[in-house]
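Participant: Submitted below is the structure of interest, expressed as structure tokens.
Just so it is clear, none of the values below were taken in a lab; they were calculated from the coordinates. These numbers come from a predicted model, not from an experiment. Positions of Cβ are backbone-derived with ideal geometry, glycine not excepted, and every protein chain shown enters the neighbour counts.
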Amino acid sequence: MSTMTRLTAFTHGSLRFDVLDAGPADADDTVLLLHGFPQTSASWEPVAARLHEAGLRTLAPDQRGYSPGARPTGRRAYRVEHLVDDAAALVESSGAGSVHVVGHDWGAVVAWALAAHRPELVRTVTGVSVPHPAAFLRAMYAGPQLPHSWYMVAFQLPWLPERLLADETRFAAILRRTGASREQAARDAAAISPAPTGPLNWYRALPLAAPGYTGRPVQRPSLQVWSDGDGFITRAAVENNERFVHAPYRLVVLSGVSHWIPDEAPDELAELVVEHVRG
């Protein structure tokens, strides 16, 4: 059994990240939970509670741009390579040795890339909503994904997206129209409105990723969880996913659930993760 150190924060270079380290301290398995946009580690609380009941330890960080101590300036600081290195630094700091990584939305992009580039740190991968980035890009260029990703282009604009996200009431109303509950929308808008530039820079740094970085296949057992009520990610994008996983792979589709799976369907998602980890 690996020696596990309880964390409230970890560092990567000059950056300091907040992290929720919870569940049984003597757990044999640790699950790394990576949030997406525009959320924080709080989005994982319903799922994490169920994973703890199953005997799993969880690590849920507030990622780059979200943690107050990890908000570097300039979009280059938010390239995917840096986001993956942040996650790797947390795994190495945790004493877990290797983890089962679960990512939702942008967190799924980091999860797939972490497994591809640092496989020694990853035992299994679960992508929630968003598939392997190469599968997503394939659907963008040769499928129906592009119209669903219009906001990724809009976020490239200067200052205007910041103005929208800083208006807590207006942004919460937008989130509700995407399927978020009133409570979830208020929580996420309140968390991001004071400092929206870092989270937006994840999108602005997309053109700056190292050539080929996001195309490397994953060689770890992988689970993709997608929901048919997702207004951002198309079925075509997740159906491309299997070709970028060179290991046992499974796709599960949740019916009648929006993009916000961890909040909306925590029981189903936690059950799937536990099955994947134990399987």
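Participant: Label 7 Å along Cα→Cβ of Ala25; region 53-69 residues with amide nitrogen under 18 Å?
Facilitator: 53, 55-60
Participant: Let me ask another. For the charge dipole of the chain, defined by +1 on Lys and Arg C-beta atoms and -1 on Asp and Glu C-beta atoms about the Cα centroid, which residue among Ala265, Ser255, Val128 has the Cα displaced farthest towards the positive pole?
Facilitator: Val128
Participant: Let me check against my output: what whole-number percent is the relative contact order of the chain, with C-alpha pairs under 8 Å and at least 6 apart?
Facilitator: Relative contact order here is 21 percent.
Participant: Looking at the chain, send over the antiparallel percent of its DSSP beta bridges, to the nearest 5.
Facilitator: 25 percent
Participant: Which part of region 75-94 falls in the paramagnetic zone of Leu157, meaning amide N under 20 Å from the point 7 Å along Cα-to-beta-carbon?
Facilitator: Of the residues in region 75-94, 75 have backbone N under 20 Å from the label point off Leu157.
Participant: Kindly provide the GluC sites (Glu not before Pro) of region 203-276 that DSSP labels as loop, not H, G, I, E or B, and whose Cβ sees at most 13 other Cβ atoms within 10 Å.
Facilitator: none
Participant: A further question follows. Along region 100-112, what does the Karplus equation 6.51 cos²θ - 1.76 cosθ + 1.60 (θ = phi - 60°) give for ³J(HN,Hα), rounded to whole Hz, x for Gly and Pro?
Facilitator: 9, 9, 10, x, 10, 6, 4, x, 5, 4, 5, 4, 4
Participant: Write down the percent of antiparallel bridges among all DSSP beta bridges whose residues are both part of region 1-158, to the nearest 5.
Facilitator: 40 percent
Participant: Here's a follow-up. Show that you can apply the helix-only estimate: for the chain, add -39,500 (n - 2.57) for every DSSP H stretch of four or more residues, divide by all residues, and state [θ] at 222 nm to the nearest 500.
Facilitator: Only helices count here, giving -11000 deg cm²/dmol.
Participant: Please rank Arg176, Arg76, fewest neighbouring Cβ atoms within 10 Å first, as an exposure proxy.
Facilitator: Sorted ascending by nearby Cβ count, the order is Arg76, Arg176.
Participant: What's the magnitude of the charge dipole for the chain around its Cα centre, counting Lys and Arg as +1 and Asp and Glu as -1 at the beta-carbon? Answer in Debye, nearest 20.
Facilitator: 920 debye
Participant: Restricting things to alpha carbons, find the Rg to Rh ratio for the chain using the Kirkwood radius for Rh.
Facilitator: Rg/Rh for the chain comes to 0.93.
Participant: Return the FRET efficiency for the residue pair Glu53, Ser181: r is the Cβ-Cβ distance, R0 is 30 Å, and the value is rounded to the nearest 0.05.
Facilitator: Efficiency, rounded to the nearest 0.05: 0.85.
Participant: If r is the Cβ-Cβ distance from Leu164 to Leu208 and R0 is 35 Å, what FRET efficiency results, to the nearest 0.05?
Facilitator: According to the calculation, E is roughly 0.95.
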